[in-house]
Structure formats: C-alpha cells, structure tokens
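Heads up, the thing below is written out as structure tokens.
Quick note: the coordinates plus some simple rules give every number you see, no bench work behind them. Please read these numbers as outputs of a predicted model, since none were measured by experiment. Every residue, glycine as well, gets a Cβ built from its backbone with ideal geometry; the counts of neighbours run over all protein chains shown.
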Amino acid sequence: MSTTMHSFYLDRAAESRRDARDATLVNVRERFLASEQTWRELATRAKKVETQQMKLIARKSAERAALASASPSL
C-alpha cells in the first residue's frame, strides 16, 4: 500500500472535518476545525515537496542520460 504524505494529510483533514461536524460542544468543534486547517496546510506543503522531488529526480535522470550518451563505450 503506497500513499503520499499529501493524501495522508488530506485524509486526516477530512477526518477532522467529520469530527467537527459530529461534535456537540462548540470548543471541541472549533478544535477539530483548527485541526482540519492545519492538516490542509500540511497537505499543501507536502504537495510542494513531492513536486520538487519529482523535478529533482527527472533532472538527475536527464543528467545521467546525458553523461551516459557522452561517455565513450568500452
């Protein structure tokens, strides 16, 4: 089972939203809504990191391919 941090954080945000909806006390509802917001912010950051990692992997792969094609074969 492979999951990204982005999707993990979004799942936690949805869970917090459900908990807020089901809460009967105002302060508990507010705490869950604050938690949801935090999880969503973490998801946004994680998505940026994942995007940067994919760009880095692609760049390194292109660099390796360029080096391999420029190297003389033995």
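How many residues does segment 1-28 contain that are free of Cβ contacts under 8 Å to residues at least 40 places away in the same chain, within 19 Å of Thr44 (Cα to Cα) and hydrophobic (A, V, I, L, M, F, W, C)?
Final tally of qualifying residues: 4.
With Lys55, Lys47 as the choices, which residue is part of a helix (DSSP H, G or I) and in contact (Cβ under 8 Å) with a residue 40 or more places away in the chain?
Lys47
I'm checking my understanding of the structure. Among residues of segment 22-40 that are of a type in the set (Gly, Ala, Ser) and closer than 23 Å to Ser7 by Cα, which one is surrounded by the most Cβ atoms within 10 Å (Cβ to Cβ)?
Going through the qualifying residues, I end up with Ser35.
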